[in-house]
Amino acid sequence: MGVYTYEKEVTTSIPPAKFFKAFILDANQLYPKIIPSQVEVQVLEGDGGPGTVKKIIFGHGSHVKYMKHRIETVDEESLTYKYSVIEGEPLSEFIDEITRELTLTATAEGGSVLKSSSRYHTKGDYQINEEKVKTGEEKGLALLKAAENYLLAHPQEYN
């Protein structure tokens with residue numbers, strides 16, 4: 001088994017606590033607002049804390065139809081969120097598990113830096129296609145930018 005790690009930092013003008021609340025804690029309500037024809041989030045079990053299982057269903061045109069996440073960590077104090085992809089198209093005969101950790105920190109200008117670390121656990125000696133991973137990760141980060149745009153357009157929410 002091998003592990004391939006993909007890390008990315010993205011800056012947003014939204015303060016970290018507000019962005020964490022909207023993008024992480026209220027994702028079930030926010031995602032359908034920002035991309036209504038593309039995303040549906042269902043909580044299958046749990047209360048939003050560790051152990052919660054969510055099913056994310058993607059709309060037409062997405063290369064991924066759905067995936068299930070299991071929340072591992074939600075730390076509102078350190079603004080850290082970690083989950084594992086436990087089912088869906090991102091997993092395959094070659095990829096056993098994907099874990100993602102997101103951490104928000106403040107910028108001097110009052111915005112946030114989102115640090116994203118994804119670990120792809122492969123089966124056997126399978127070698128990850130780095131370009132394919134990068135493309136998939138970039139599509140996921142587009143959701144972050146859509147959330148930022150929504151929050152900028154609706155400043156009264158998530159105060």
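Amide H to amide H under 5 Å from Tyr66: which residues, 5+ apart in sequence or cross-chain, H placed 1.01 Å off N in plane?
Result for Tyr66 returns Phe58, Glu89.
Estimate the FRET efficiency between Asp75 and Ala142 by the formula 1/(1 + (r/R0)^6), using the beta-carbon distance for r and 30 Å for R0, to the nearest 0.05.
0.75
Quick check: from the Cα gyration tensor, does the chain come out rounded (a/c under 1.5), prolate or oblate?
prolate
Of Gly136, Leu104, Tyr126, which is farthest on the positive side of the dipole of the stretch 86-159, counting Cα position, with +1 on Lys and Arg Cβ, -1 on Asp and Glu Cβ, and the Cα centre as origin?
Going by the charge dipole, the pick is Leu104.
What do you get for trypsin sites (Lys or Arg not before Pro) in the stretch 64-146 restricted to DSSP loop and a cutoff of at most 14 other Cβ within 10 Å of the site's Cβ?
Lys65, Lys123
Starting from the residue with the highest accessible area, list Asp96, Asp26 in decreasing order, probe 1.4 Å.
Per-residue accessible area, sorted high to low, gives Asp96, Asp26.
Residue farthest toward the positive end of the dipole of the chain, with Cβ of Lys/Arg at +1 and Asp/Glu at -1: which of Ile35, Thr11, Ala147?
Highest projection toward the positive end goes to Ile35.
Keeping all protein chains in place, calculate the accessible area per residue for the chain (probe 1.4 angstrom), answer in Å².
Using a 1.4 Å probe on heavy atoms only, each residue of the chain averages 54 Å².
Please give the FRET efficiency for Tyr126 paired with Asn149, using the beta carbon to beta carbon distance and R0 = 41 Å, rounded to the nearest 0.05.
Between Tyr126 and Asn149 the formula returns 0.65.
About its Cα centre, how strong a charge dipole does the chain have in debye, to the nearest 20, once Lys and Arg get +1 and Asp and Glu get -1 at the Cβ?
Taking the Cα centre of the chain as origin, the dipole is about 320 debye.
Suppose every K and R has +1 on its Cβ and every D and E has -1 on its Cβ; what is the size of the dipole of the stretch 1-49 about the Cα centre, in Debye to the nearest 20?
That gives a dipole near 220 debye.
As I understand it, the value is the acute angle between the Cα axis of helix 130-153 and the longest principal axis of the Cα atoms of the chain; what does it come to in degrees, rounded to 10?
It is inclined by approximately 20 degrees.
The values are calculated or read from the model by the stated rules, or taken from the named source; none is laboratory data. All figures in this text were calculated on a predicted structure; none of them were measured in a lab. Cβ atoms come from the backbone with ideal geometry, glycine included; neighbour counts cover every protein chain shown. We work out accessible area using only protein heavy atoms, side chains counted, and drop any ligands, DNA or RNA first. Shrake-Rupley method; radii C 1.70, N 1.55, O 1.52, S 1.80 Å.
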